[in-house]
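The values are calculated or read from the model by the stated rules, or taken from the named source; none is laboratory data. Treat the numbers as computed from the prediction; the structure is a model and nothing was measured. Cβ coordinates were reconstructed from backbone atoms using ideal geometry, including for glycine residues, and neighbour counts include every protein chain displayed. To get the accessible areas, we keep the full protein, side chains included, count just its heavy atoms, and leave off ligands, DNA and RNA. Shrake-Rupley method; radii C 1.70, N 1.55, O 1.52, S 1.80 Å.
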Amino acid sequence: MTDEAMRPDLALIARMVRQGSRVLDVGCGDGALMAALRDARQVDARGLEIDPANVASAVGRGLSVVQGDADTDLAYYPDGSFDYAILSQTLQTTRRPDLVVEELLRIGSQAFVSFPNFAHWRGRMSLLWGGRMPVTRLLPDTWYDTLNIHHVTVDDFRALVKDRGWSIDGQWFLKGDKETTHANANLFAEHAVFLLRR
Amino acid sequence: MASNPAPDDSRFGLGRQVRLTGPLRLDCGVAFGPVDIAYETYGALNADRSNVILICHALTGDQYLASENPMTKKPGWWWRMVGQGKPVDPDRHFIVCANILGGCMGSSGPASIDPAMGAPWGMRFPVITIADMVRAQALLLDHLGVDRIRAVIGGSMGGMQALTWPTLFPDRVESAIVIASTARHSAQNIAFHEVGRQAIMADPRWRGGDYYADGDVPSSGLAVARMAAHITYLSEAGLTEKFGRRLQGRDAKTFGFDADFQVESYLRHQGLSFVERFDANSYLYITRAMDYYDLAEDHGGSLAGAFARTRARFCVVSFDTDWLYPTTESRVIVHALNAGGAEASFVELSSPFGHDAFLLEAPELNRVVDGFLRAGER
């Protein structure tokens, strides 16, 4: 799979991961990122995914993926067993995002966390002028059927990082499939990718 | 290493049987030998002998994996998984399937002749374990000139063997596929088996297991054992869909104890056809081996410890309607593999068929097995 065909946040993460490293992809979907890392960077990639059809697809393409839930199944991975733990567009669907990130940082030396920024100006406008929960390109579901149960903004996430004393090794912001400026990211970024360590 | 075996090597092919000197050092302490093993092979060993797939059968399975069963005249029990163009493919793989130690289809078991006595072993046959079955398979592979196996695959009790293989022979196994199985027999599993065994032993024709001389076998007890077990292989939803409360060949209840309901008739048929092909004493021994199975117990209580020495890749599959070996049992295996950093995949597939799902139409299972095997052939 090429970078062009991959979701922009995944393509960005794929470029940052070290050659030959060990990666746990939490919420790996059908394994697109894992396959790209394996084929392009000789990464030893393992996955955790909640949806059985996705797991079957990933195993069918030769990847090592375990069906499980980020909220409950990360506890079974030993400390420091991976170079990177990756949580892409899954944070906002977990019951306790803070505890999940804590687990990522226990399992991996570093953790990539990507999420849609709920404070993007389109969403703000929607709430301010429409008085309705935003339904946008990045957040296409209505409030009652969305899987996103913990909406989060760039500044919310930075506050959590500060509160827990984690350090930020890198941060990237996306608008569409293009990287965008750090300035006013909380207003202008549709997507954020953080690289953290404990 | 010897050259590639010629196609006419009598060790290879369908309907093979061999007597190996052994002795096998059994878990019960007995040195058992000679060991008879009935087996089949499909496909050809490649030049570097790297294409070997060992398939382990379940409690009432046999070596007729993908060829017509000579007793039932039915296709081999896993024809959906094994064959040309299937995930396990004789065009690509050298496939071995052997009747387990303790079985009754040609391998040493209670119905075979004890050479010292010149008579069937009966209940003098040593009590065997899942690990003993695996050791017997290893003996067979030695005989076939096979050192390493690319994958060992099994469902149910076959899954227990597949899971045990890398723990006993970490250097011989590259990967294991464990389907609808468990790392230990639960109290409920043991309870169901005990019902079956008591049914056999309560049959007056069982006679302490010495029924071979006159051929008057405890078929009533064995049929009841099979009926009880068969229920555990299905799901409530599956039974309801297949039979519901429908009556069998009649318009009204008879107010008697004939098989009024279709489900009764079906179970009776299952029991009767089973006794024609299975030995009651074998049923006792094999269910006992399953009950004794607790892989963690053999490794100081730590399942992760059992996998400490293996570098094999694992693929664990469960089915959502399987209440005999439910998904929670597979998760125990997966968590132990994760804890040890093993390369492991796990998926719970959806099927209406309960435990038997792995033997039936399951396209997702085939896709998973195919992808997992091909990943090891890159």
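So which trypsin sites (Lys or Arg not before Pro) in segment B:10-67 are both in a DSSP loop and have at most 10 other Cβ atoms within 10 Å of their Cβ?
none
Taking all protein chains in place and a 1.4 Å probe, what share, in percent, of the accessible surface of the protein assembly as shown do carbon and sulfur account for?
The C+S portion of the solvent-accessible surface of the protein assembly as shown is 54 percent.
Which order do you get for A:TYR144, B:TYR233 if you rank them by accessible area with a 1.4 Å probe, largest at the top?
A:TYR144, B:TYR233
For B:ASP114, which sequence-distant residues (separation of 5 or more, or a different chain) have an amide H within less than 5 Å of its own amide H, given hydrogens modelled in the peptide plane?
B:ALA119, B:TRP121
Can you tell me how much longer the chain between B:ASP251 and B:MET123 gets when fully stretched, taken as 0.36 nm per residue apart minus their C-alpha distance, in nm with one decimal?
41.4 nm
Two-decimal Rg/Rh of segment B:128-223 from alpha-carbon positions, Kirkwood Rh?
1.12
Mind grabbing the interface size between B and A? I mean buried accessible area, both sides, 1.4 Å probe, in Å² to the nearest hundred.
Chains B and A together bury roughly 1700 Å² of accessible area.
Please compute, over every Cα-Cα pair in chain A, the percentage with a separation greater than 30 angstrom.
16 percent
Explain nothing, just compute: Karplus ³J(HN,Hα) = 6.51 cos²θ - 1.76 cosθ + 1.60, θ = phi - 60°, for every residue of segment B:130-147 in order, whole Hz, x for Gly and Pro.
4, 4, 5, 4, 5, 4, 5, 5, 5, 4, 5, 4, 4, 4, 7, x, 9, 9
Within segment B:269-291, which residues have the backbone N less than 20 Å from the label spot 7 Å out from B:SER186 along Cα→beta-carbon, could you tell me?
Under 20 Å, as judged by backbone N against the label point of B:SER186, lie B:287-291 of segment B:269-291.
Can you give the Rg/Rh ratio of segment A:128-169, where Rg is from the C-alpha atoms and Rh is the Kirkwood radius?
A ratio of 1.11.
Kirkwood hydrodynamic radius of the protein assembly as shown from all distinct Cα pairs, in Å?
26.3 Å
Cβ neighbours within 10 Å, averaged per peptide: list B:314-320, A:158-164 in order, most packed at the top.
Ranking, from highest mean packing down: B:314-320, A:158-164.
Per 10 Å bin, what percent of the C-alpha pairs of chain B does each bin hold, from zero upward?
P(r) over chain B, rounded to whole percents: 5, 23, 34, 25, 10, 2, 0, 0.
Enter the mean number of other protein chain beta carbons within 10 Å of the beta carbon of each residue in A:169-179, as an integer.
Taking all residues of A:169-179 together, the mean is 0.
By how many degrees, 0 to 90 and rounded to 10, does the Cα axis of helix A:97-107 deviate from the longest principal axis of chain A?
30 degrees
Suppose all protein chains stay in the model; what accessible area per residue would a 1.4 Å probe give for the protein assembly as shown, in Å²?
I get 43 Å² per residue for this part.
Counting only other chains, what is the mean number of Cβ atoms within 10 angstrom of the Cβ of each residue in peptide A:66-75?
So the per-residue partner count for this stretch is 4.
Tell me the angle of helix A:32-41 to the major Cα principal axis of chain A, expressed in degrees between 0 and 90 and rounded to the nearest ten.
50 degrees
Which far-off residues, 5 or more places away or on another chain, put their amide H under 5 Å from the one on B:LEU247, with H placed in the peptide plane?
B:GLN262
Count, for each residue of A:40-52, the Cβ atoms from other chains sitting within 10 Å of its Cβ, then give me the mean as a whole number.
Across A:40-52, the average partner-chain Cβ count within 10 Å equals 1.
Go through segment B:44-61 residue by residue and turn each phi into a ³J(HN,Hα) via Karplus (6.51, -1.76, 1.60, θ = phi - 60°); whole Hz please, and just put x for glycine and proline.
Once θ is set to phi - 60°, the couplings for segment B:44-61 become 10, 5, 7, 4, 9, 6, 10, 10, 8, 10, 9, 10, 9, 8, 8, 2, 10, x Hz.
So what's the projected area for segment B:103-183, the Cα convex hull averaged over all directions, in nm²?
6.1 nm²
Using a 1.4 angstrom probe on the protein heavy atoms only, line up B:ARG374, A:ARG38 by accessible area, largest first.
B:ARG374, A:ARG38
Could you pull out the longest piece of chain B with no exposed loop GluC sites (Glu not before Pro) in it, calling a site exposed if DSSP puts it outside H, G, I, E, B and it has at most 14 other Cβ atoms within 10 Å?
B:69-275
Could you work out the equivalent-ellipsoid semi-axes for segment B:1-82, taking the square root of 5 times each eigenvalue of the Cα gyration tensor, largest first, in whole Å?
So the equivalent ellipsoid measures 23, 21, 13 Å along its semi-axes.
What's the FRET efficiency of A:ARG122 with A:GLN42 using the Cβ-Cβ distance as r and R₀ = 25 Å, to the nearest 0.05?
0.05
Using only alpha-carbon positions, what ratio does the radius of gyration of segment A:93-198 give when scaled by 2.2 N^0.38 Å?
Rounded to two decimals, the normalised Rg is 1.09.
Which ³J(HN,Hα) values in Hz, rounded to whole numbers, follow from the phi angles of segment B:350-358 under the Karplus curve 6.51 cos²θ - 1.76 cosθ + 1.60, where θ = phi - 60° and Gly and Pro get x?
9, 7, x, 8, x, 4, 5, 3, 5
Using just the alpha carbons, could you tell me how many Å³ per residue the convex hull of segment B:189-287 encloses?
Spread over its residues, the Cα hull of segment B:189-287 gives 119 Å³ apiece.
Do the sum for chain B: with -39,500 (n - 2.57) for every DSSP H run of n ≥ 4, divided by all residues, what is the mean residue ellipticity at 222 nm, to the nearest 500 deg cm²/dmol?
Computed ellipticity for chain B at 222 nm equals -10000 deg cm²/dmol.
Compare the peptides A:177-185, A:129-137 by average per-residue count of other Cβ atoms within 10 angstrom and give them in order, highest first.
A:177-185, A:129-137
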